[in-house]
Structures are given as C-alpha cells and as structure tokens.
Amino acid sequence: SWPYKLRTSHAHEEGGKRLWGISTLNFSGNHGKIEKLHAVRVEYKGGLFNAIPASQMEMEVDLVLLAMGFTGTGSSPLLQGFGLETDSKGNIPVNRDFSTKEEGIFAAGDAKRGASLIVWAIAEGRKMATSVDHYLKEKVK
C-alpha cells in the first residue's frame, strides 16, 4: 500500500500547497523572470491523463523546480523551450555547479545522470540547491 498512501513528513509542514491531477501547459513572465504557471486539471482514464474541460488555471510563481523522476528527459518540448540539449545518453549536461548552458537553469539527479539511485538525486539536489541559492543571491546584488 506504500505508493497509495498519502504520507506527510516534517518537510511538507514547512509550507507550500500540494495539488494533485494538474498538468502544466506553459510558463509566462517578463524580462526573463518567471511569474505564472499555466495549467489544466487532468483525470487518469484508460491509461492516459486527459484534460478536464474548462479547468484551466494560473498560479503566481517565482521559482519552478522540475522533479522528473525516472522517466528520463527525452526530447521534450519543455527542454527545447528552455534551449536545453541532451547528451548521447539523453542527460542534460551541466557544469560543476549544476548550471546548464542556459543562464538560470540548473539540472541534477536523473535529469543530469540518468536513472540512478535516490541517494544520488538527494545529494545532487542539495548541492544544486546551494548553487541556485548562490546564483539568486548574486542576481539581487
């Protein structure tokens, strides 16, 4: 029953709103700053996620973190939209600080190394978060 039970840890209690059955359509903003996430509610039927008519929504955001899991990056419109390319294994190439060739975009875990152990994703996620924090602090100077 593990994957079917909603479990909340102390990390979830720090804030944030969790929404289920949402599919991101696109992002918008001004002057290179993300301001809104545009989405639609979906339902799972017949092995597919289908958009629910008239359920489009917008959310004000100032940061987007992508958790891609073990599905791999593939050649997705999202990566193409950000101008990201993948290596011969389908991974996103990054610098030592987990930044990509596109300013302000970082990658770690499965997106960077391919399907691997969760401990690698956690470790890289922490290191990447430090790099993102440093990047954002430099931007506001």
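The values are calculated or read from the model by the stated rules, or taken from the named source; none is laboratory data. Quick caveat, the model's predicted, so the values are computed rather than measured. FYI the Cβ positions are ideal-geometry reconstructions off the backbone, even for glycines, and counts take in every protein chain you see. Note: accessible area is taken over every heavy atom of the protein model, side chains too, but ligands, DNA and RNA are not part of it. Shrake-Rupley method; radii C 1.70, N 1.55, O 1.52, S 1.80 Å.
Helix-only mean residue ellipticity at 222 nm, the chain, DSSP H runs n ≥ 4 weighted -39,500 (n - 2.57), per residue, nearest 500. What is it?
-6500 deg cm²/dmol
Rolling a 1.4 angstrom probe over the protein heavy atoms, how many square angstrom per residue are accessible across region 26-141?
72
Please give the per residue volume of the convex hull enclosing the alpha carbon atoms of region 99-141, rounded to a whole number of Å³.
Spread over its residues, the Cα hull of region 99-141 gives 48 Å³ apiece.
Between TYR44 and LYS89, what length in nm is gained on full extension when 0.36 nm per residue of separation is reduced by their alpha carbon distance?
So the chain would gain 13.2 nm between TYR44 and LYS89.
Accessible area of the chain with a 1.4 Å probe: how many percent of it is carbon plus sulfur?
Of all accessible area on the chain, carbon and sulfur atoms account for 55 percent.
Please give the length that would be gained between GLU103 and GLU138 if that part of the chain were fully extended, namely 0.36 nm times their separation in residues minus their C-alpha to C-alpha distance (nm, one decimal).
11.3 nm
Any idea how far apart VAL61 and GLN80 come out in nm if each label point goes 7 Å out from Cα toward Cβ?
In this crude label model, VAL61 to GLN80 measures out at 2.0 nm.
Loop-only trypsin sites (Lys or Arg not before Pro) in region 95-136, please: DSSP not H, G, I, E or B, and at most 16 other Cβ atoms within 10 Å.
Sites meeting the loop and neighbour criteria: ARG96, LYS101.
Using 0.36 nm times the number of residues separating LYS36 and LEU117, minus their current alpha carbon distance, what extension gain do you get?
Extra length from LYS36 to LEU117 when fully extended: 25.9 nm.
From largest to smallest, what semi-axes in whole angstrom does the chain give when each is the square root of 5 times an eigenvalue of its alpha carbon gyration tensor?
Over the Cα atoms of the chain, the ellipsoid semi-axes are 25, 20, 18 Å.
Given the pairs LYS89/LYS141; LYS5/LYS112; LYS45/LYS101; LYS36/LYS137; LYS89/LYS137; LYS5/LYS137, which are separated by over 31 angstrom at their Cα positions?
Distance filter (> 31 Å) returns LYS89/LYS141; LYS45/LYS101; LYS89/LYS137; LYS5/LYS137.
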